[in-house]
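The values are calculated or read from the model by the stated rules, or taken from the named source; none is laboratory data. Nothing here was measured: the structure is a model prediction, and the numbers come from that model. Backbone-built Cβ (ideal geometry, glycine too); neighbour counts: all protein chains shown.
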There are 2 protein chains.
Amino acid sequence: MFATLIKHISKYVTLTPDEQEILTTYFKYEELSKKQYLLSEGEKCTAQYFVVQGCLRMYFIKENGSEHIVQFGIDNWWLSDYMSIEMQSPSKFYIQAVERTQVLKLSITDQQRLLERIPKLEHYFMRVMQKAFGAFQMRICYLFDMSGEEQYNLFVDRFPGFVQRVPQYMLASYLGVTPEFLSKIRGKKR
Amino acid sequence: MFATLIKHISKYVTLTPDEQEILTTYFKYEELSKKQYLLSEGEKCTAQYFVVQGCLRMYFIKENGSEHIVQFGIDNWWLSDYMSIEMQSPSKFYIQAVERTQVLKLSITDQQRLLERIPKLEHYFMRVMQKAFGAFQMRICYLFDMSGEEQYNLFVDRFPGFVQRVPQYMLASYLGVTPEFLSKIRGKKR
DNA sequence: GCAAAATCTTAATCTTGATTAAGAAATGAG
DNA sequence: CTCATTTCTTAATCAAGATTAAGATTTTGC
């Protein structure tokens with residue numbers, strides 16, 4: 001299961017076989033069953049997770065009690081609460097497996113040690129963050145420029161298989177509409 | 001004007017005087033007058049900007065023709081279109097000075113050269129991106145959990161001086177409400 | 001100092017999508 | 001296989017904030 005990670009890293013930096021070997025010792029492999037939690041509100045977030053296979057969701061509970069999904073994490077994505085990590089503050093988020101999911105866990109302290117051993121990985125993590133940040137800048141665009149209906153259509157276009165993988169109400173939660181409204185949108189198209 | 005940048009960097013990594021000297025040769029200082037542009041829609045974004053003093057805004061034009069502000073950049077913040085940089089694609093954004101602003105420009109190619117000379121700066125940039133990404137994760141929370149009115153109040157609390165610095169319609173544009181509605185909110189409080 | 005441009009306010013009407021409620025369909029555990 | 005839980009749909013009513021329009025105020029360039 002390290003093959004997936006190493007392949008991903010090699011898009012940004014080249015690792016020798018030795019370095020690949022070292023790398024693996026800092027990660028912890030975890031196999032999550034559906035609905036299992038990696039992080040809950042109130043806990044300090046102490047690790048980043050690389051999704052090898054499966055699907056995670058990161059969400060928070062709104063004041064009115066309903067939940068809202070901030071991000072999904074699918075194959076080859078990193079997921080974590082970076083505000084909690086940076087500020088060493090309790091997280092407002094939950095990270096949960098949507099389906100059976102395999103992740104590689106890298107704790108903050110292990111990441112520090114790993115980066116001391118293989119400094120060029122700093123570059124990898126910088127690029128990963130840069131890419132994720134770019135995606136969020138675009139997300140703000142979509143949120144403000146498109147109606148719920150347009151956003152749903154765009155999402156379906158960009159991640160065709162994904163729509164079947166998660167329950168509809170989670171998609172609604174991600175897009176920021178109610179499940180009822182999403183249902184109406186879908187009803188209209190048939 | 002490099003003092004501000006070096007002080008910011010030193011929060012994350014320690015530079016020797018030599019390294020500080022090297023650093024300065026890769027940046028270009030620019031003094032922007034109000035309304036001057038650093039990036040326009042359709043251009044490839046080829047640099048990152050560190051705000052020494054002043055205020056930038058990054059916005060895009062919606063389909064209906066109105067503009068929406070994605071981010072402000074004030075003292076000590078980095079600002080750029082990271083999607084455009086990553087994908088080498090034309091930007092959808094404008095970056096413009098809201099007031100007289102001093103920036104340090106670091107082009108992508110100069111960044112590469114700089115990081116070859118001083119590799120430990122990779123760590124600095126990673127942390128900067130991580131912090132910015134964390135801020136955006138929280139921003140999604142606020143967008144979905146709070147009414148326009150609550151968001152305005154929070155913003156005023158967190159950046160008290162800032163509200164006087166930018167025109168109200170820009171704040172409205174950042175919060176995702178119309179200037180008319182923001183005016184109503186403010187009217188209510190007096 | 002004055003005209004033009006930029007910004008802010010008020011108020012009426014209209015839209016999108018939320019809320020509520022209830023039932024239908026699908027999935028899952030034992 | 002079957003009952004319980006989870007998920008999805010439909011429809012009525014409601015609310016937040018948009019839109020439109022107009023006038024007031026402030027700022028800026030010359």
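Can you tell me which residue is farthest from the chain's Cα centre (by Cα) among those in region B:138-169 that are more than 14 Å from chain A (Cβ to nearest Cβ) and of a type in the set (A, V, I, L, M)?
B:V156
Would you pick out the residues in region A:168-190 that are in a loop (DSSP other than H, G, I, E, B) and either of a type in the set (D, E) or within 9 Å of DNA strand C (Cβ to nearest atom) (or both)?
A:G176, A:V177, A:T178
Report yes if B:K105 is among the basic types (K, R), within 7 Å of chain A (Cβ to nearest Cβ) and surrounded by 16 or more Cβ atoms within 10 Å (Cβ to Cβ), otherwise no.
In short, no.
Please list, ordered by first then second residue, the pairs with beta carbon atoms under 8 Å, 6 or more apart or interchain, first in region A:29-42 and more than 14 Å from A:S80 (Cα to Cα), second modelled with pLDDT under 90 and surrounded by 13 or more Cβ atoms within 10 Å (Cβ to Cβ).
As it stands, the answer is A:Y29/A:M1, since those pairs meet every condition given.
Test A:S10 against the stated conditions and say whether it is touching a strand residue (DSSP E or B) at 6+ places or on another chain (Cβ under 8 Å), surrounded by fewer than 16 Cβ atoms within 10 Å (Cβ to Cβ) and among the small types (G, A, S).
no
Return the residue satisfying two criteria in turn: it lies in region A:148-166 and is in contact with a helix residue (DSSP H, G or I) (Cβ under 9 Å, 6 or more places away or on another chain), without any contact (Cβ under 8 Å) to a residue 40 or more places away in the chain and within 12 Å of DNA strand D (Cβ to nearest atom), and of such residues it is farthest from B:G65 (Cα to Cα).
A:V163
Restricting to helices (runs of 4 or more DSSP H) lying wholly in region A:67-148: which have 1 or more residues that are farther than 26 Å from B:V13 by Cβ and polar (S, T, N, Q)?
Ranges flagged: none.
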